[in-house]
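Asks: First the structure, then my questions, so here it is.
Please treat every number below as a calculation from the coordinates, not as lab data. This one's a predicted model, so the numbers in the text were calculated from it and none came from an experiment. Because the Cβ atoms are built from the backbone with ideal geometry, glycine has one as well, and the counts that use them run over all protein chains shown.
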Amino acid sequence: MKKVLLVDDMPTVLDQAGDMMKDRYELVTCSDTTGLKEKVKSEKPDIILLDLYLADDEAYELLKALQEDKETADIPVITTGADASVLVISKAFFLGAVDFVRKPFIEHVLFQKIDSRLKLAEIGYRFEG
């Protein structure tokens, strides 16, 4: 079973995702970015879902840090948000995100995005823009 790390500061999103993913993925959750880089290294998730609207641009800082670290640079990061502008999403892509999915999650959309990115990661595909 593939491991998904979901980073979101809203308990309802963490609960919804837990219910939705329990039979399909191993889900690890985190409500903020404190110690998150170390958690990524210890948990070794196959993919990360990262809320873009964490406090103080923490999501952008984390994206940049993950991309700069050889141990974590190959973990695909899908960013999430209830509403995001083209500029917000573009900045996330520039910093290494591979996709964006809206909240609240629609199960088949979320699973399709996760599964397609996991398959691309398995074959070693990495977009270099």
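Asks: Counting pairwise Cα distances across the stretch 22-83, what percent come out greater than 14 angstrom?
Replies: More than 14 Å apart: 56 percent of the Cα pairs in the stretch 22-83.
Asks: Another question, if that's okay. Per residue, what volume in Å³ does the Cα convex hull of the stretch 72-129 take up?
Replies: Normalising the Cα hull of the stretch 72-129 by residue number yields 79 Å³.
Asks: Let me ask something else. Which lysines have a Cα lying under 17 Å from the Cα of residue 3, excluding residues fewer than 8 positions away in the same chain?
Replies: Answer for residue 3, where 17 Å is the Cα cut-off: 22, 37, 39, 41, 44, 113, 119, listed by chain and number.
Asks: Could you give the length gained on full extension between residue 19 and residue 85, defined as 0.36 nm per residue of separation minus the Cα-Cα distance, in nm?
Replies: Length gained, residue 19 through residue 85: 20.9 nm.
Asks: Ranked highest first by the average count of other Cβ atoms within 10 Å around their residues, in what order do 79-88, 40-49 fall?
Replies: In decreasing order of mean packing, 79-88, 40-49 become 40-49, 79-88.
Asks: Using only helices, what value at 222 nm comes out for the chain when you add -39,500 (n - 2.57) per DSSP H run of length 4 or more and divide by the total residues, to the nearest 500 deg cm²/dmol?
Replies: -13000 deg cm²/dmol
Asks: Follow-up question, since we're still on this one. Work out the P(r) tail for the chain: percent of alpha carbon pairs separated by more than 24 Å, whole number.
Replies: The proportion of pairs with Cα distances above 24 Å equals 18 percent.
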